[in-house]
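The values are calculated or read from the model by the stated rules, or taken from the named source; none is laboratory data. As the structure is a prediction and not an experimental result, all values here were calculated from the model. Backbone-built Cβ (ideal geometry, glycine too); neighbour counts: all protein chains shown. What goes into the accessible areas is simple: the full protein's heavy atoms, side chains included, and nothing from ligands, DNA or RNA. Shrake-Rupley method; radii C 1.70, N 1.55, O 1.52, S 1.80 Å.
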Amino acid sequence: MNRYEKRFIAFIDIIGFKKIIGKSVANDSHISIDSVKEALAFKEPIGKEKLILGGIGDISDSDHRMTTFSDNILISVNNNSKGFFNILNHAERIGFELLKMNFLCRGGITMGKIYHDEQFVFGPGLIRAHELESKKANKPRIIIDKNVMDFKDSLDPTGQKLFRRFTKKDESDGYFFIDTLRTIRFLMQQIYEPPNDVKELVRSIKTHIHNQIEKNRNDPKVLDRLDWFLKYLDDSTNRDFI
């Protein structure tokens with residue numbers, strides 16, 4: 001019998017997706033159909049069909065479902081701790097992989113009722129996730145709804161610590177968002193010199209953002225979003241402590 005299920009839901013919009021598709025059809029482009037699919041796909045489990053997250057266990061065991069349409073990505077998972085960290089992990093990976101192709105995204109993660117199978121996806125939870133993306137996120141970030149934060153508060157200390165690894169708080173409005181620059185921050189803020197490929201990636205992202213700022217000097221809304229992301233990037237790559 002078909003019925004709604006209460007699940008964690010992520011709705012993610014790829015900013016500039018038309019450009020990605022345009023580049024994917026060019027013969028000399030580094031962006032291909034395969035690279036787009038790789039950026040969006042859930043990471044394959046490791047070892048014996050497992051994706052282990054310390055203290056939580058095999059988060060691949062989360063009934064992960066994904067639907068893509070136009071420039072949107074819809075993900076839903078079980079509403080338990082494994083599903084919670086599964087969707088945080090996948091949202092972070094999507095944001096980071098798109099950044100490597102010089103594209104940003106925004107979105108929202110909520111918990112709600114949804115019907116999601118291989119053909120259809122609908123429900124009040126989807127509407128709420130879309131509302132977060134389109135009306136609340138405002139900037140290139142994937143924000144986390146209050147009911148998801150309430151679930152986070154029910155986790156044990158290990159889960160609380162893992163949540164802090166995946167997220168940051170935007171002090172301007174209080175929303176927690178997925179820390180898509182987590183890997184870059186970890187490598188850039190070590191005492192030793194970051195790997196050359198990481199430094200080159202940071203340079204590439206900063207150059208892209210500055211170029212977009214120049215192109216959008218007459219659009220205050222776009223400038224506000226780009227300025228926000230540039231500050232986030234600068235904070236994540238700051239090595240002044242050395």
Would you check the accessible area of GLU131, probe 1.4 Å, heavy atoms only, in square angstrom rounded to 10?
-> 60
Arrange the peptides 210-219, 63-72 so that the one whose residues have, on average, the most other Cβ atoms within 10 Å appears first.
-> 63-72, 210-219
Roughly how much of TYR4 is accessible, in Å² to the nearest 10, using a 1.4 Å probe?
-> 110
Using the 2.2 N^0.38 Å rule of thumb for compact globular proteins, work out how segment 154-194 stacks up: its C-alpha Rg over that value, please.
-> 1.40
Would you tell me the accessible area of ARG225, worked out with a 1.4 angstrom probe on the heavy atoms of the protein chains, in Å² to the nearest 10?
-> 90
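For a test of the definition: using alpha carbon positions, the gyration tensor, and the 1.5 limit on a/c, classify segment 133-177 as rounded, prolate or oblate. Don't jump to the answer; show the numbers that get you there.
Numbers: a/c = 2.57, a/b = 1.89, b/c = 1.36.
Prolate is the answer for segment 133-177, as a/c is 1.5 or above and a/b outweighs b/c.
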Of all accessible heavy-atom area on segment 124-202, the percent that carbon and sulfur account for (1.4 Å) = 54
Spin-label pair ARG165/LYS100, simplified geometry with 7 Å Cα→Cβ offset, distance in nm = 1.9
When only C-alpha pairs under 8 Å and at least 6 residues apart count, what is the relative contact order of segment 135-236, in percent?
-> 29
Rough spin-label spacing in nm, given labels placed 7 Å along Cα→Cβ, for LEU223 and THR68 = 3.4
Calculate how many DSSP beta bridges within segment 57-213 are antiparallel, expressed in % of all such bridges and rounded to the nearest 5.
-> 80
Accessible area per residue of segment 90-242 at 1.4 Å probe, in Å²?
-> 53
Distance from the Cα centre of segment 165-182 to that of segment 108-133, in angstrom?
-> 22
Relative contact order as a percentage, segment 76-209, C-alpha pairs under 8 Å and 6+ apart, gives 23
For the cross-link pairs LYS146/LYS199; LYS82/LYS168; LYS82/LYS206; LYS6/LYS206; LYS6/LYS231, which exceed 28 Å when the distance is taken from alpha carbon to alpha carbon?
-> LYS146/LYS199; LYS82/LYS206; LYS6/LYS206; LYS6/LYS231
